[in-house]
1. Only one of 130, 124, 118, 58 is more than 17 Å from the chain's Cα centre (by Cα) and farther than 20 Å from residue 13 by Cβ; which?
2. Would you confirm, using the coordinates I've provided, whether residue 46 is touching a helix residue (DSSP H, G or I) at 6+ places or on another chain (Cβ under 9 Å), in a loop (DSSP other than H, G, I, E, B) and under 15 Å from residue 175 (Cβ atoms)?
3. Can you name the residue in segment 1-32 that is within 22 Å of residue 58 (Cβ to Cβ), loosely packed, with under 15 Cβ neighbours inside 10 Å and at pLDDT 95 or above and is also farthest from the chain's Cα centre (by Cα) among such residues?
4. Out of 104, 93, 117, 74, which single residue is over 13 Å from residue 30 (Cα atoms) and surrounded by fewer than 19 Cβ atoms within 10 Å (Cβ to Cβ)?
5. Being in a loop (DSSP other than H, G, I, E, B) and out of contact with any strand residue (DSSP E or B) (no Cβ under 8 Å at 6 or more places or on another chain) is the filter; apply it to segment 1-32 and report the residue that is farthest from residue 105 (Cα to Cα).
6. Of 137, 81, which residue is under 17 Å from the mean Cα position of the chain (by Cα), modelled with pLDDT of 95 or more and surrounded by fewer than 17 Cβ atoms within 10 Å (Cβ to Cβ)?
7. Could you count how many residues in segment 33-62 are crowded, with 17+ Cβ neighbours inside 10 Å, out of contact with any strand residue (DSSP E or B) (no Cβ under 6 Å at 6 or more places or on another chain) and in contact (Cβ under 8 Å) with a residue 40 or more places away in the chain?
């Protein structure tokens with residue numbers, strides 16, 4: 001798909017800038033690199049249009065540094081792990097752009113989501129929501145819907161029912177990010 005020049009830009013390389021509280025620069029570089037490997041494995045080049053649907057509908061131009069041969073063939077040769085890692089990077093950028101929340105810190109296992117979202121104000125942290133992320137290297141609409149339903153069920157069993165939860169499923173074939181929000185009960 002040709003790039004959409006009017007769409008705002010999301011740059012995976014920004015993850016290594018240290019601007020996301022939950023992501024160190026080194027971790028951000030790895031998330032960006034894995035995302036690039038996933039996107040390139042599906043024939044995409046930097047500047048590809050990422051469709052966002054669900055919570056809000058729209059699109060972004062997604063860019064990254066092209067993956068090296070070492071990254072493609074050695075470092076990220078486990079497709080499942082690479083897809084999970086790459087989806088984290090894309091989802092973090094998308095949810096920050098869509099909600100205005102920062103990704104504050106990883107959550108504990110058993111909370112029903114992967115990361116805490118919120119705002120940093122006056123030197124303090126205000127937790128506002130949870131973020132659950134999943135990735136699919138190449139799937140159809142039925143596979144994406146099934147994964148979203150699975151993650152929403154998981155989020156409904158969350159330990160903190162007073163907080164809303166965002167679920168982001170990143171599919172690299174199209175590429176697409178399905179964003180859904182579980183409201184507070």
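1. Working: 130 fails: more than 17 Å from the chain's Cα centre (by Cα); 118 fails: more than 17 Å from the chain's Cα centre (by Cα); 58 fails: more than 17 Å from the chain's Cα centre (by Cα).
Residue meeting the stated conditions: 124.
2. Numbers: touching a helix residue (DSSP H, G or I) at 6+ places or on another chain (Cβ under 9 Å): yes; in a loop (DSSP other than H, G, I, E, B): yes; under 15 Å from residue 175 (Cβ atoms): yes.
For residue 46, the condition - touching a helix residue (DSSP H, G or I) at 6+ places or on another chain (Cβ under 9 Å), in a loop (DSSP other than H, G, I, E, B) and under 15 Å from residue 175 (Cβ atoms) - is met.
3. Result: 8.
4. On the way: 104 fails: surrounded by fewer than 19 Cβ atoms within 10 Å (Cβ to Cβ); 93 fails: surrounded by fewer than 19 Cβ atoms within 10 Å (Cβ to Cβ); 117 fails: surrounded by fewer than 19 Cβ atoms within 10 Å (Cβ to Cβ).
Just a single option satisfies the conditions, and that option is 74.
5. Taking segment 1-32 as the starting set, the residues that turn out to be in a loop (DSSP other than H, G, I, E, B) are 1-8, 18-24.
In the following step, the residues that additionally are out of contact with any strand residue (DSSP E or B) (no Cβ under 8 Å at 6 or more places or on another chain) were identified as 6, 18-19, 24.
On the way: 6: 32, 18: 13, 19: 13, 24: 11 Å.
Result: 6.
6. Numbers: 137 fails: surrounded by fewer than 17 Cβ atoms within 10 Å (Cβ to Cβ).
Of the residues listed, the single one that is under 17 Å from the mean Cα position of the chain (by Cα), modelled with pLDDT of 95 or more and surrounded by fewer than 17 Cβ atoms within 10 Å (Cβ to Cβ) is 81.
7. Counting residues in segment 33-62 that are crowded, with 17+ Cβ neighbours inside 10 Å, out of contact with any strand residue (DSSP E or B) (no Cβ under 6 Å at 6 or more places or on another chain) and in contact (Cβ under 8 Å) with a residue 40 or more places away in the chain gives 9.
The values are calculated or read from the model by the stated rules, or taken from the named source; none is laboratory data. Fair warning: this is a prediction, and the values are worked out from it, not measured in the lab. Ideal geometry is used to build each Cβ from the backbone, glycine not excepted, and the neighbour counts take in all protein chains shown.
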